[in-house]
Amino acid sequence: MTTLSEQVAPNTPLDTVFTHETPEGVALRLELAGPVARGLAWLCDLFLRQILCLLCFVPCLLWGGAGLGLYLIFLFAIEWLYPALFEALWGRTPGKRWLGLEVVREDGAPLDWTAALIRNLLRAADFLPLGNALGLAVMLAHPRLQRLGDIAAGTLVIYRQAESERERIPEVQALAPRLPLKVAEQQLVLDFCARREQMSAERAAELARRVPLLTGTNQPENALLGLGNWFLRGSAAARKTGDRSGASGKI
């Protein structure tokens, strides 16, 4: 009997796609954002920050010396805390949102306050010697397109995946795989789950019966859907649906 990996043609990953395998055996595919997209997002945020500074300038001047002091504090906060606040709470600044970008940890997890502060405070080092030249050079040389702040904080800037794409498979009870599966095998299962609603019941049952190595049940279609939910959403999906058999690794 041939294994599933022998039925899948090998493919070469793109240079801008970073794959991270979680402890649950789920392969996360993160599409890295390059300097052009990140630069445009930075310009959008810069424009927004300048508008905020102008709006606060006149009211602060009306308060005399105290107003000037408050304005300087506001300038510091808008320059250094503005990006950290948005990234820690929502994973992206307004500029990154407009460009469809998001900042995550290297394992695909959301940012916390520590990582957000580190990557943004180190923008001072990236700026050297002039105009973010060092940050751009490091980003172009790094295989994961990380600048110094990203390296220190352990973060990546990626293209945000649409919610419709992340939740595109039928949500059923998540089931852990019987055997460790390679990335190509996991993708094959996810492709089946994504196209399930586009196929007739007879065609879906026919395809599901072709991989008994994965299912090993008399309900192979439901087993594949369960595997797809495990790969896409991890063990959290098993806890959400109340699955207890998934923790034992049996289907």
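Within the bounds of segment 98-109, is there any residue that is in a helix (DSSP H, G or I) and either out of contact with any Phe, Trp or Tyr (no Cβ under 8 Å at 6 or more places or on another chain) or modelled with pLDDT of 90 or more (or both)?
Yes, some residue in segment 98-109 is in a helix (DSSP H, G or I) and either out of contact with any Phe, Trp or Tyr (no Cβ under 8 Å at 6 or more places or on another chain) or modelled with pLDDT of 90 or more (or both).
Please specify each residue of segment 113-151 satisfying the condition of being more than 22 Å from TRP90 (Cα to Cα), small (Gly, Ala, Ser) and at pLDDT 85 or above.
Selection gives ALA137, ALA141.
Could you please find all residues in segment 87-113 being touching a Gly at 6+ places or on another chain (Cβ under 6 Å) and in contact (Cβ under 8 Å) with a residue 60 or more places away in the chain?
If the condition is that a residue be touching a Gly at 6+ places or on another chain (Cβ under 6 Å) and in contact (Cβ under 8 Å) with a residue 60 or more places away in the chain, then GLU106 is the only one that fits.
Looking only at segment 222-239, which residues are in a helix (DSSP H, G or I) and either modelled with pLDDT under 75 or surrounded by fewer than 19 Cβ atoms within 10 Å (Cβ to Cβ) (or both)?
Residues satisfying the conditions are ASN222, LEU232, ARG233, SER235, ALA236, ALA237, ALA238, ARG239.
Can you name every residue in segment 47-69 that is surrounded by 11 or more Cβ atoms within 10 Å (Cβ to Cβ) and under 26 Å from ASN132 (Cβ atoms)?
PHE47, LEU48, ARG49, GLN50, LEU52, CYS53, CYS56, PHE57
Scan segment 21-40 and tell me whether some residue there is in a loop (DSSP other than H, G, I, E, B) and modelled with pLDDT of 80 or more.
Yes, that holds for at least one residue.
Scan segment 179-211 residue by residue and report those that are in a loop (DSSP other than H, G, I, E, B), among the basic types (Lys, Arg) and surrounded by 15 or more Cβ atoms within 10 Å (Cβ to Cβ).
LYS182
Suppose the filter is assigned to a helix (DSSP H, G or I), at pLDDT 85 or above and surrounded by 15 or more Cβ atoms within 10 Å (Cβ to Cβ); does GLU87 pass it?
yes
The values are calculated or read from the model by the stated rules, or taken from the named source; none is laboratory data. Keep in mind it's a predicted model, so treat the numbers as computed, not measured. Please note: Cβ atoms are built from the backbone with ideal geometry, for glycine as well, and neighbour counts cover all protein chains shown.
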